[in-house]
Structures are given as C-alpha cells and as structure tokens.
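One structure is given here, and the rest of the page talks about it.
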Amino acid sequence: MKKDRLPAGNDNLNAFLGEGTSFKGNLTFEGTVRIDGKLEGEIFTKDTLVVGEGASVKATVHAGVLIVGGTVNGNITAEKKVELHSSARLYGNLSTPLLSIAEGVIFEGSCTMGKKAETPPLKGQLPEPAQKILSK
C-alpha cells in the first residue's frame, strides 16, 4: 500500500521536531514547521503546520494552514485550510473555511466551516509572542 507523502508546505521548512523527540509548552512561529515527534501544549501561527504520520500532538492549535498525517488531540482553528491525509487521527473540534479529508481518516469532534474560521476559546490569555504573530 502506497503511503501518502506529506508536503512540507508551500514555504521553506523553518523548524522540524523529529521522530523520537518531545516538546511541552507553547510553540509560536512564522513560516513552516513540521512535527514528527510528540508535542503537548499550544501552537500559534498564521503560517503552515505539518503533523507527520508518526507524530502525536496534544494541543490547542491556531494556524493558517494545517496538514495532518499523524494524531492530533485538541481544538483546531485554521484561517485558510486543513488537510487530513489518510493516516490522520483528529480528536477535537475544528474550525476552518476549507477542509480536505482523505479516505481512512478518523475524525471525532465537530467541524465549523465558514468564510473566516472562528477561534475556539483558549484556556488563558495568549502569550505575548503569539499575540504579535496573530495580530499581523
């Protein structure tokens, strides 16, 4: 069976959390970031986040574009689009104007689609770096 190849995104890859690594906390970035390891916390970007096939993410995610091949547990807000590839597992609520779901995806939660994605309520106030990026 042929595996889906997840793109790094349209931008150059700015950071990479490789297989076998883990991170706990808030991740705020510009450009494209790919996660193939484990991440727990919150993610903020107006750009692209790629969650690779072996990745496990437990986070509230606010991104411009989200491409998922691994497992994501948490609420998602994507300003532009979300792509769920065949190996994706998404457990949480999703808000995005454009959604692509491949055959074989597991998605447990609700989805809201519209012209502009609405941000799900966050636990606390956004960290200052995230406020700067998201206000641009």
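The values are calculated or read from the model by the stated rules, or taken from the named source; none is laboratory data. Just so we're clear, the structure is a prediction, and the values are computed from it rather than from any experiment. Heads up, the Cβs are rebuilt from the backbone with ideal geometry, glycines too, and the neighbour counts pull from every protein chain shown.
Report those strands (runs of 3 or more DSSP E) wholly inside segment 1-77 carrying at least 1 residues which are out of contact with any Pro (no Cβ under 9 Å at 6 or more places or on another chain) and modelled with pLDDT of 90 or more. Filter on segment 1-77 gives 22-28, 32-35, 38-44, 48-51, 56-68, 71-73.
For S100, the criteria (1) hydroxyl-bearing (S, T, Y); (2) assigned to a loop (DSSP other than H, G, I, E, B); (3) within 14 Å of the chain's Cα centre (by Cα); (4) modelled with pLDDT of 95 or more hold in every case but one, which is (2). Given the condition among the aliphatic types (A, V, I, L, M), out of contact with any Ser or Thr (no Cβ under 6 Å at 6 or more places or on another chain) and either part of a strand (DSSP E or B) or at pLDDT 95 or above (or both), answer yes or no: does some residue in segment 103-123 qualify? Within segment 103-123, one or more residues are among the aliphatic types (A, V, I, L, M), out of contact with any Ser or Thr (no Cβ under 6 Å at 6 or more places or on another chain) and either part of a strand (DSSP E or B) or at pLDDT 95 or above (or both). Taken over segment 81-91, the residue count meeting the criterion of being crowded, with 16+ Cβ neighbours inside 10 Å and touching an Asp or Glu at 6+ places or on another chain (Cβ under 8 Å) is 3. Checking each residue in segment 25-54 for being closer than 14 Å to G74 by Cα and buried (at least 20 other Cβ atoms within 10 Å of the Cβ) picks out L39, E42, I43, F44, V51.
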